[in-house]
Amino acid sequence: MRTRLSRALPAAVVVLAAFSALPASTATAAAREPAPYAAPADHPTYIVTVSRDRDPAEVAQLVGATPVHVYRNTLHGFAAPLSPAQVAALHALPGVEAVAEDGTASAG
């Protein structure tokens, strides 16, 4: 058994080295990077947080919003492009804790 392993190991190393030397496919690289989301120009994206007893997707549906993301773990809510009327409607709904326009954050 030892002889077989000593012969197979160098062959496996050669095959592995040959595959690692191949250039990465552009299709594979493109598939790994998520496509950036662009909100419609006339409606900015908002982050909406709701109380734990409300379903974020249902709250979005109540105001006719189509969520880009629905958050259910650390943050309980959704992100969606919203019109001014939808923002006002969300502020009036019970269980909606915050409605904030999405933006860029930076440290220091």
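The values are calculated or read from the model by the stated rules, or taken from the named source; none is laboratory data. Quick caveat: nothing in here was measured; it's all calculated off a predicted structure. Reconstructed Cβ throughout: ideal geometry from the backbone, glycine too, with neighbour counts over all protein chains shown. Quick note on the areas: whole protein, heavy atoms, side chains included, nothing else; ligands and nucleic acids left out. Shrake-Rupley method; radii C 1.70, N 1.55, O 1.52, S 1.80 Å.
Rundown of residues vs (1) of a type in the set (A, V, I, L, M); (2) assigned to a loop (DSSP other than H, G, I, E, B); (3) touching a Pro at 6+ places or on another chain (Cβ under 9 Å), yes/no style:
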residue	(1), (2), (3)
ILE47	yes, no, no
ARG52	no, yes, no
GLU58	no, no, no
GLY64	no, yes, no
PRO67	no, yes, yes
GLY77	no, no, yes
ALA80	yes, no, yes
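Just need a number here: residues in the range 84-108 that are under 13 Å from ILE47 (Cα atoms), in a loop (DSSP other than H, G, I, E, B) and open to solvent by less than 50 Å² (accessible area, probe 1.4 Å). Outline the logic, then answer.
Of the range 84-108, the ones under 13 Å from ILE47 (Cα atoms) are 86-87, 90-91, 96-104.
Among the residues that remain, those that are also in a loop (DSSP other than H, G, I, E, B) are: 102-104.
Next, from what is left, pick out any that are open to solvent by less than 50 Å² (accessible area, probe 1.4 Å): none.
Selection size over the range 84-108: 0.
Does ALA21 satisfy the criteria of being open to solvent by less than 100 Å² (accessible area, probe 1.4 Å), at pLDDT below 80 and not aromatic (Phe, Trp, Tyr)? Quick ask: steps written out before the conclusion?
Details: open to solvent by less than 100 Å² (accessible area, probe 1.4 Å): yes; at pLDDT below 80: yes; not aromatic (Phe, Trp, Tyr): yes.
Yes; evaluated as a whole, the condition is true for this residue.
Within the range 72-82, count every residue that is at pLDDT below 95 and surrounded by 12 or more Cβ atoms within 10 Å (Cβ to Cβ).
So the answer is 2.
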